[in-house]
Amino acid sequence: MVQNIPSGFSGLEHLATAVILLNQSHQVVYANPSTEILFALSATQISGSYISEVFLHCEILQLAIDNAVKNDSPYREHEFAITTVRQQSFAVTCTVTPVEMSQASLLLEFQQMDQQLRIAREERMLIQQQANSELLRNLAHEIRNPLGGLRGAAQLLEHELPNPSLREYTQVIIKEADRLQSLMDRLLVPHRVPKYEPTNIHEVLERVRSLLLAESPNNIKVRRDYDTSLPDLIGDREKLIQAVLNIARNAVQAMQSNGTSDAEIVLKTRAERQVTLAKKRYRVAIKLQIIDNGPGISADIKDKIFYPLVTGREGGSGLGLALAQTFVTQHHGMIDCESQPGKTCFTILLPVETSAMKYANIVQ
């Protein structure tokens, strides 16, 4: 059993890194407490399992094991993604070392890269979001006043025109001014003070789902994959709806313009434990994923999709994802994206605030 520490390896219990021992058949014979914490797996439950049953579809890990066995020497694989039997994904570095003992023949040592990478990426995104927010607010204020004057002048001119047929041109000016005014209003929406209150994430997603189906009833399937045991979070329901809706609408538009057959969006929720967001550690966070089977995001804009006015769609405003990022940041969360042809996944992490003290501090 896993609980019985193999002779000579009692020190593994106290290591901060995750260690798994395998026998010659690549079955788990031991996993230390750090492994249980890192991968949220019970050592007892994975005892006797093949490593391919613990970490699913991980060719990179299998290749590392094969190389270590073939050369009878340690082999290290840097920064690759690994998915556990519980469908949780991690970025890790793994060292595979052959050992000579009766119970085990391989020692796997894992170091998680997720936290360091996430913190660094989060800091960059926060700086970017703050700069974007300031730029958009200043831009909106600078444009609104002359825009109102332009519209008013077009209306006055329309009343003075001797030929009614010429009003077609003043109507173009007025309609375009109204369209720009609407755009400016959207730029200023994120600066409304959020209304924080206990919010059920699945009520948010059900609202998004109903809107998507109403807009595209015959062209798309929206599938649920919910963890219904998730607690409420403290958030602004309307802003969360808008954030998820902006992402999902982008997915729908991409699939429709590409003519994706069997177009599908999956709304998925899971609990994420021991998460660091904005340099603060949270015991529990909600992991929300919006997954589509569309054409994917163009490599030309993949690194810039959260910038305002960047869009891969003709006629798009390039504001949807920028606003979604702003709304998620206002909830002390993080948003990220992975995309390839046939699958695009936006992941939103939102901390769960449960104590009355934290709720009071947020409201203030």
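Before moving on, here are some points about what is shown:
- Verdict on Ala248 being assigned to a helix (DSSP H, G or I), under 14 Å from Leu349 (Cβ atoms) and modelled with pLDDT of 90 or more: no
- Residues that are modelled with pLDDT of 90 or more and of a type in the set (Val, Ile, Thr) were ranked within the range 1-43; the one that is farthest from Thr84 (Cα to Cα) is Val29.
- When residues of the range 283-303 are limited to those that are surrounded by fewer than 16 Cβ atoms within 10 Å (Cβ to Cβ) and out of contact with any strand residue (DSSP E or B) (no Cβ under 8 Å at 6 or more places or on another chain), the one modelled with the highest pLDDT: Ser298
- Taking the listed residues Gln155, Gln253, Gln171, the one that is among the polar types (S, T, N, Q), in the same structural domain as Leu288 (by TED's automatic domain parsing) and modelled with pLDDT of 80 or more is Gln253, with no other qualifying.
- Residue check for Arg273: in a strand (DSSP E or B) and more than 17 Å from the chain's Cα centre (by Cα): no
- Scanning the range 78-110 for residues that are within 34 Å of the chain's Cα centre (by Cα) and surrounded by 19 or more Cβ atoms within 10 Å (Cβ to Cβ) yields Ile82, Phe90, Val92, Cys94, Val96, Leu107, Leu108, Glu109, Phe110.
- Enumeration of residues in the range 236-245 that are under 17 Å from the mean Cα position of the chain (by Cα) and either charged (D, E, K, R) or modelled with pLDDT of 90 or more (or both): Lys239, Leu240, Ile241, Ala243, Val244, Leu245
- Single residue of the range 15-50 satisfying the filter (more than 28 Å from the chain's Cα centre (by Cα) and β-branched (Val, Ile, Thr)) that is surrounded by the most Cβ atoms within 10 Å (Cβ to Cβ): Ile20
- There is no residue in the range 51-62 that is aromatic (Phe, Trp, Tyr), at pLDDT 90 or above and more than 26 Å from the chain's Cα centre (by Cα).
- Set Ile51, Ile60: member being more than 18 Å from Ala104 (Cα to Cα), β-branched (Val, Ile, Thr), out of contact with any Lys or Arg (no Cβ under 6 Å at 6 or more places or on another chain) and not assigned by TED's automatic domain parsing to the domain that holds Thr269: Ile60
- Residue list for the range 202-223, filter: of a type in the set (D, E, K, R) and modelled with pLDDT of 90 or more: Glu203, Glu206, Arg207, Arg209, Arg223
The values are calculated or read from the model by the stated rules, or taken from the named source; none is laboratory data. Just so we're clear, the structure is a prediction, and the values are computed from it rather than from any experiment. Glycine gets a Cβ as well: all are built from the backbone with ideal geometry, and neighbour counts include every protein chain shown.
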